[in-house]
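Just so you know, all these numbers are worked out from the coordinates, no wet-lab data involved. Given the structure is predicted, the values throughout are model-derived calculations rather than measurements. Cβ sites come from the backbone with ideal geometry, for glycine too, and all protein chains shown count toward neighbours.
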């Protein structure tokens, strides 16, 4: 049975738009472009008729328990990086995996990083190429670009099953090219670029209900040989209104060489 959620689409403008992160030197301070709150229907991938595959939909959900339970501090990172490397090698066949960023998000106004409530994908084509250079250097980036590489994210709930603000995805084949909007990301020390998504009633939204810390979503952000970049966003919805707990998650960004 379809469910409803609210998402914040981007809006086409005549001028270039941007997010300013850590604005004014204040960690977590965000200046956002205009967004359009919109009700959307969701299909739950736990239902057999709404399953997704990475090769077709650029997103998949799998069970992959971690021995890490505490994501505070930094002691957990080496262990978790090894787990993600093994997971992605097995799932994708990649010959090299670089885990380069982890973001713990807490759905609390006081949190440094809250769930991202805008429909987007993390890199434009130009943004992905620049990030490749940033991560491995220009010479290696030229070498990798001759072959097949990709940016892939892995998202996992922390501490307890997700009851509110789950992560939702738009099936790539329901998106028109014109729906995408280039959005700049302005950091204190660098500049990036993402793809924001404008609203379209043809968009088909999917998510997985009540995801647990033993489950992950693996989704494609950029692939230099054409696998779709999947639009995603936190969904404003509640699974069970009798349950009151804060959504916590970790999203890890990785670079793969096939």
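Relative contact order of the range 154-209: 42 percent, from C-alpha pairs under 8 Å at least 6 residues apart in sequence. Across all C-alpha atoms in the range 139-208, the radius of gyration and Dmax reach 16.6, 45 Å. Per the Debye calculation on the chain with a single equal scatterer at every Cα and no solvent contribution, log₁₀ I(q)/I(0) for q = 0.09, 0.11, 0.12 Å⁻¹ amounts to -0.38, -0.59, -0.71.
Distance between the 7 Å Cα→Cβ label points at residue 182 and residue 17: 1.5 nm.
Equivalent-ellipsoid semi-axes (√(5λ), Cα gyration tensor) for the range 1-127, whole Å, largest first? All intermediate terms of the calculation are to be shown ahead of the outcome.
Details: eigenvalues 155, 114, 57 Å².
Gyration-tensor ellipsoid for the range 1-127: 28, 24, 17 Å.
With 0.36 nm allotted per residue and the present C-alpha distance subtracted, the residue 138-residue 190 stretch has 17.1 nm of extension available.
The three principal axes of the C-alpha atoms in the range 114-162 carry coordinate ranges of 43, 21, 17 Å, sorted with the longest axis first. The convex hull built on the alpha-carbon positions of the range 31-94 has an orientation-averaged projected area of 8.2 nm².
Hey, could you get me the Stokes-Einstein D for the range 108-258, Kirkwood radius over alpha-carbon pairs, 4 °C and 1.567 mPa s, rounded to whole µm² s⁻¹? Mind showing how you got there, number by number?
Values: Rh = 16.7 Å.
This corresponds to a translational diffusion coefficient of 77 µm²/s.
Using only DSSP helix segments of four residues or longer, with each worth -39500 (n - 2.57), what per-residue ellipticity at 222 nm results for the chain after dividing by its residue count and rounding to 500? It would help to have the intermediate numbers written out before the result.
Working: 4 runs with 40 residues, N = 258.
Helix-only estimate at 222 nm: -4500 deg cm²/dmol.
Spatially, the range 81-154 and the range 205-221 are offset by 17 Å when compared through their Cα centroids. Mean separation of Cα pairs under 8 Å and 6 or more residues apart, divided by the residue count, gives the chain a relative contact order of 34 percent.
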